[in-house]
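Q: Here it is, the structure in full.
The values are calculated or read from the model by the stated rules, or taken from the named source; none is laboratory data. Note that this is a predicted model, so its numbers are computed, not measured. Note: ideal-geometry Cβ built from the backbone for every residue, glycine included; neighbour counts use all protein chains shown. Heads up: the accessible areas ignore ligands, DNA and RNA and are worked out on the full protein's heavy atoms, side chains in. Shrake-Rupley method; radii C 1.70, N 1.55, O 1.52, S 1.80 Å.
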Amino acid sequence: MIQIDALPAFSDNYIWLLQDNAKRQCAVVDPGDAGPVQRWLAAHPEWALTDILITHHHNDHVGGVEQLKRQTGARVYGPASEAIPCRDVALGEGDQVTVLGQTYQVLAVPGHTLGHIAFFSDQPTPAVLFSGDTLFAAGCGRMFEGTPEQMQPALARLAALPEHTQVYCAHEYTLSNLRFAKAVEPGNADIQQRFDDVSRLRAEDRITLPSTIGLERRTNPFLRTSETLVKQKADEWKGHSNTTHVAVFAALRSWKDQF
Ligand code: ZN
Ligand code: FE
């Protein structure tokens, strides 16, 4: 059983630390800064960093890779179609990687960046997803490189994973995402409940992750494009009817960009 903890980085990033307690081996996901990982390793001198998983090329996800690679020799996995420092293993859709004894499926989820990948494993229970900047708790990443035609199906695919899947995304954006979710669906009791829960956690400066796919399906507007009331709000924002999931998604994303 792998233990997963967050190492906070910058103002709102999380570097996920995967730990095999029996072997005293660990791995990290998206180390944008080497510092938090180095401090953890210094405090745990009997542990070895063996693997580094990367979801996409942005600096707040890869900025610490070179230093950690030099210091530990850890194997670096990252998307094949993006420039990832020190990458040893280039990954794309359909690939599998085994890290600390867990096997992850690689899912191509373009949109935030064109080569963005996510890591899903259902070998341990509960199932886990490392979603990078694609699926956030109650939100999704901005479309910096891709199109709605790419990102909406990518998110729908993540939404179709088993509902108990624990979602580990790369940023603490949950509260601001829920403010937007409330504007989209003012009458959604699950969103209101989650907003109250998350407000309490953030008031105590606590983490709001991991989420679950089931909770995201109930409260994340970007996964709810088939809801009539969500479509209506998207239509209001655009001033015309949005007849496809992609169009509803694109409307929500453009609204959120200005929210
Ligand atoms: Zn990013
Ligand atoms: Fe990021």
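Q: Once R0 is set to 35 Å, what does the formula 1/(1 + (r/R0)^6) return for the Cβ-Cβ distance between PHE144 and ALA48, expressed as a FRET efficiency to the nearest 0.05?
A: Given R0 = 35 Å and the Cβ-Cβ separation, E is 0.50.
Q: Using a cut-off of 21 Å between alpha-carbon atoms, which lysines can reach LYS182, once sequence neighbours fewer than 8 places away in the same chain are excluded?
A: Partners within reach: LYS231, LYS233, LYS238, LYS256.
Q: Is it possible to state the helix-based mean residue ellipticity at 222 nm for the chain, with each DSSP H run of 4+ residues giving -39500 (n - 2.57), the sum divided by total residues, to the nearest 500 deg cm²/dmol? What is it?
A: -10500 deg cm²/dmol
Q: Counting only heavy atoms of the protein chains, get the accessible area per residue of the chain (1.4 Å probe) and round it to a whole Å² value.
A: Accessible surface, normalised per residue, equals 42 Å².
Q: If you stretched the chain out fully between THR103 and SER11, how much longer would it get, using 0.36 nm times the residue separation minus the C-alpha to C-alpha distance?
A: My answer for the length gained is 30.0 nm.
Q: Here's another thing I want to ask about it. Setting aside same-chain residues fewer than 8 positions from LYS23, which lysines have a Cα under 26 Å from its Cα?
A: LYS69
Q: Do any GluC sites (Glu not before Pro) in the range 156-259 lie in a loop, going by DSSP, with at most 11 other beta-carbon atoms within 10 Å of their beta carbon, and if so which? It would help to have the intermediate numbers written out before the result.
A: Values: sites: GLU163, GLU172, GLU204, GLU216, GLU227, GLU236; in loops: GLU163, GLU172, GLU204, GLU227.
Sparse-neighbourhood loop GluC sites (Glu not before Pro): GLU204.
Q: With +1 on each Lys and Arg Cβ and -1 on each Asp and Glu Cβ, how big is the dipole of the chain about its Cα centre, in debye rounded to the nearest 20?
A: Computed about the Cα centre, the dipole is about 240 debye.
Q: Counting just the Cα atoms, what span does the range 152-222 cover along each of its three principal axes? Round to the nearest Å and put the largest first.
A: In descending order, the Cα extents are 33, 25, 18 Å.
Q: A follow-up question, please. Once the Cα gyration tensor of the chain is found, what semi-axes does its equivalent ellipsoid get, as square roots of 5 times the eigenvalues, in whole Å, sorted largest first? List each step's numbers first, then the result.
A: Working: eigenvalues 205, 75, 50 Å².
Whole-Å semi-axes of the equivalent ellipsoid: 32, 19, 16.
Q: Continuing with this model, one more query. Rounded to a whole number, what % of the accessible area of the chain do carbon and sulfur atoms account for, probe 1.4 Å? Let's see the in-between values first.
A: Details: 5290 of 10930 Å².
Whole-percent figure for carbon plus sulfur exposure: 48.
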